[in-house]
Each structure stands twice: as C-alpha cells, then as structure tokens.
Amino acid sequence: MIGRNDALSGGLIMEMHEFTESEWMGYSGSTGWNNGAPPLFASGTFENGEQYELILDATGGCLVVDDDHMTSGGYVLRMAFPCQSAAIAFAKGIGTPTHKLDFFLIGLKPL
C-alpha cells in the first residue's frame, strides 16, 4: 500500500492498494501487468463532499466520481503504464487530490 505520508512524495498522498477481490468484481475490465501485478485502487472524498475512486492499470486510469459523469463511465486517462511501479510513481505525483480539477490537470478527461 502506498501510505498516507510517504517521504518520496514530499508529503501526504492518497492511499492506494493493489486490487482486492472486491475491486476485481467492481472493475472487472481492468488490466493487470504482464508480470502478474494487479491494478491499483484508491478512494477518497473531495473537499466538496463528492466521493471518488481511482483505478490505475496497464492501460491507463479511470476516475469515478459521485457526479453527473458517474453513469457514463467517469473520467479516463489514456496513457499506458508499462509497469505497476510507473503507476505508483504517477499516483505519488498526484498527492492528495482535493477537487476533480487535480485530476483534469494531469490528463483525465470525461469518457
């Protein structure tokens, strides 16, 4: 698990973990990496109270937010991660998101 306070990120970051059976059930279209590493998952709440879930996998990322785009699939990052460690590094760069804008600024777009 990527912890709440990680020295490599220079501060607080969202908590991410490898997919559990529950995440596989909810996001069965996700893709692990060739070495068998599973996708990554994080969830949280923005300052405005909207809840989000972030999935990072070999094909990119998906952000599902409790908003108008939730029924259409949320937001997508069309950028493949060559390995799980690249996705972890990307997640550390996000820090602790406080608004959807934090994700839009790094390339996520409505699906």
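Table: residues versus (1) modelled with pLDDT under 90; (2) under 19 Å from Leu111 (Cβ atoms).
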site: Ala7; (1), (2): yes, no
site: Ile13; (1), (2): yes, no
site: Tyr27; (1), (2): no, yes
site: Ser43; (1), (2): no, yes
site: Glu47; (1), (2): no, no
site: Val65; (1), (2): no, yes
site: Leu77; (1), (2): no, yes
site: Pro82; (1), (2): no, no
site: Gly93; (1), (2): yes, no
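Keeping to region 87-101, report how many residues are surrounded by 15 or more Cβ atoms within 10 Å (Cβ to Cβ) and either among the β-branched types (Val, Ile, Thr) or not in a loop (DSSP other than H, G, I, E, B) (or both).
7
Go through region 20-35 and report how many residues are in contact (Cβ under 8 Å) with a residue 24 or more places away in the chain and in a loop (DSSP other than H, G, I, E, B).
7
Could you please find all residues in region 61-108 being farther than 20 Å from Gln51 by Cβ and among the charged types (D, E, K, R)?
Arg78, Lys92
Is it the case, given these coordinates, that Pro38 is within 11 Å of the chain's Cα centre (by Cα) and part of a loop (DSSP other than H, G, I, E, B)?
no
Those residues that are outside any loop (DSSP other than H, G, I, E, B) and among the polar types (S, T, N, Q), I need them from region 41-83; list them, please.
To start, the set of residues in region 41-83 that are outside any loop (DSSP other than H, G, I, E, B) comprises 41-45, 51-57, 60-65, 70-72, 75-77.
Result: Ser43, Thr45, Gln51, Thr71, Ser72.
Within region 54-86, take every residue that is polar (S, T, N, Q) and surrounded by fewer than 18 Cβ atoms within 10 Å (Cβ to Cβ) and give me the one that is nearest to Gly32 (Cα to Cα). Please lay out each step first, then the result.
Pass one, region 54-86, residues polar (S, T, N, Q): 59, 71-72, 84-85.
Those still in the list that are surrounded by fewer than 18 Cβ atoms within 10 Å (Cβ to Cβ) too: 59, 71-72, 85.
Details: Thr59: 9, Thr71: 24, Ser72: 23, Ser85: 12 Å.
Residue satisfying both the conditions and the ranking: Thr59.
The values are calculated or read from the model by the stated rules, or taken from the named source; none is laboratory data. Model, not experiment: these values are computed from the prediction. Here Cβ is always computed from backbone atoms with ideal geometry, including for glycine, and neighbour counts include all displayed protein chains.
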